[in-house]
1. Pairs to check: K95/K263; K95/K309; K63/K168. Give those whose C-alpha atoms are more than 30 Å from each other in this structure.
2. HN-Hα J couplings of segment 288-299 from phi, Karplus 6.51/-1.76/1.60, θ = phi - 60°, integer Hz, Gly and Pro as x?
3. Write out the trypsin sites (Lys or Arg not before Pro) in segment 1-55 meeting two conditions: DSSP loop, and at most 15 other Cβ atoms within 10 Å of their Cβ.
4. List S213, S251 from most exposed to least, where exposure is judged by having the fewest other Cβ atoms within 10 Å.
5. Which FRET efficiency value, to the nearest 0.05, do you get for T22 and R269 by plugging their Cβ-Cβ distance into 1/(1 + (r/R0)^6) with R0 = 30 Å?
6. Tell me which of F177, H138, V117 sits at the most positive position along the dipole axis of segment 116-189, charges placed on C-beta atoms (Lys, Arg +1; Asp, Glu -1).
7. Once you list every other residue whose beta carbon is under 14 Å from the beta carbon of G40, what net charge do they have if Lys and Arg are +1 and Asp and Glu are -1?
8. State the dimensionless ratio Rg/Rh of segment 197-350 (Rg: radius of gyration of Cα atoms; Rh: Kirkwood radius).
Amino acid sequence: PLVLGIETSCDETGVGIVRGHTLLADALASSVDEHARFGGVVPEVASRAHLEAIVPTMERALKDAGVTLADIDAIAVTAGPGLAGALLVGVAAAKGYALAAEKPIYGVNHLAAHVAVDTLEHGPLPEPAIALLVSGGHSSLLEVDDLATGVTPLGATIDDAAGEAFDKVARLLGMPFPGGPPIDRAAREGDPAAIPFPRGLTAPKAGPDGKPSAAHRFDFSFSGLKTAVARWVEARERLGEPVPVADVAASFQEAVCDVLVAKAVDACRDRGIETLVIGGGVAANSRLRAMAEERCARHGITVRAPRPKLCTDNGAMVAALGAHLVARGVAPSRLDLPADSAMPLTIVSV
Ligand code: ATP
Ligand code: MG
Ligand code: FE
């Protein structure tokens, strides 16, 4: 099917067009520069930017793909989770186009789309698979039995998301927002073993029976790590010593990746599943990708991760999930579908 996808859940206005698993267009407009001086995304600014960008981005995607709206089989749109006002712009636009062109509409889950986008790179996802979803607002391990109808959450962060940790640590190192890319770059010049930062929730405490507790086995915690980095940097500054930025970045990144990969491998082995798919903005991280490859290979697990540009928010991921839903015969959404800023991971489409 020829499917168009619209993404406006955060600060990127994205319109993607796919034919089955083939990417035809991925038009993107970002308001990230407008948020940079605030150190985070400002919802009002994001909504306004979507409103200005949505029509030109739509037109550019159609032009890039060399198709017209009449050629499209279905329109998919991120219905949640995300910023309420931002989501509404995309959902309203999708409804307008669907109504005008008489096309079915699919309101889809942004997080499931972060997983589905990999099909554009590597073809159909073997099911079941384990998905490690690591983004600016979420960090979860999921069992994907059927990407069209539902995923089973195995664990999630109990405090900060992985991307949020990158953003906060970057900020305290004086790097720009979003912090993932500058930390990734700085870390290449640093020693990942320079500072032994904590690996949250990886050493299970003994339960009442003396055996290691299974609680939080697949959960994450990054807030203690962030605080440890802040304390370490403050201590150096108090002594009037220079902060070895590259070593701090590399050691922090190593701690995050170590925990993410260890738990993802543990989930695969626990479930007897041989496919790990990594998605979300943090999946663009070069160390995470290399470490996952390396450790999964030892256990006969195949790692799939989309190219870095498809890891962060875009319209192609929404189109990819939409195409999968159409191919699986899932019924479209109602034209009055709501945007749901808190849409749970278990709901793939509304
Ligand atoms: P969510 O998907 O949870 O709603 P979001 O859509 O804002 O959140 P994404 O666009 O998926 O998030 O990811 C953005 C996050 O990815 C930011 O926190 C950013 O710092 C992080 N990120 C991007 N590139 C890298 C990288 N190379 N290394 C580490 N983190 C990265
Ligand atoms: Mg973004
Ligand atoms: Fe996202």
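1. Beyond 30 Å: K95/K263; K63/K168.
2. 4, 5, 5, 5, 5, 4, 4, 6, 5, 4, 4, 10
3. When the trypsin sites (Lys or Arg not before Pro) of segment 1-55 are filtered for loop state and at most 15 Cβ neighbours within 10 Å, R37 remain.
4. S213, S251
5. The formula returns an efficiency of 0.35 here.
6. F177
7. Here the count lands on -4.
8. 1.05
A short reminder: the numbers here are calculations on the coordinates, not readings from a lab. The structure displayed is predicted, hence computed values, not measured ones. Cβ atoms come from the backbone with ideal geometry, glycine included; neighbour counts cover every protein chain shown.
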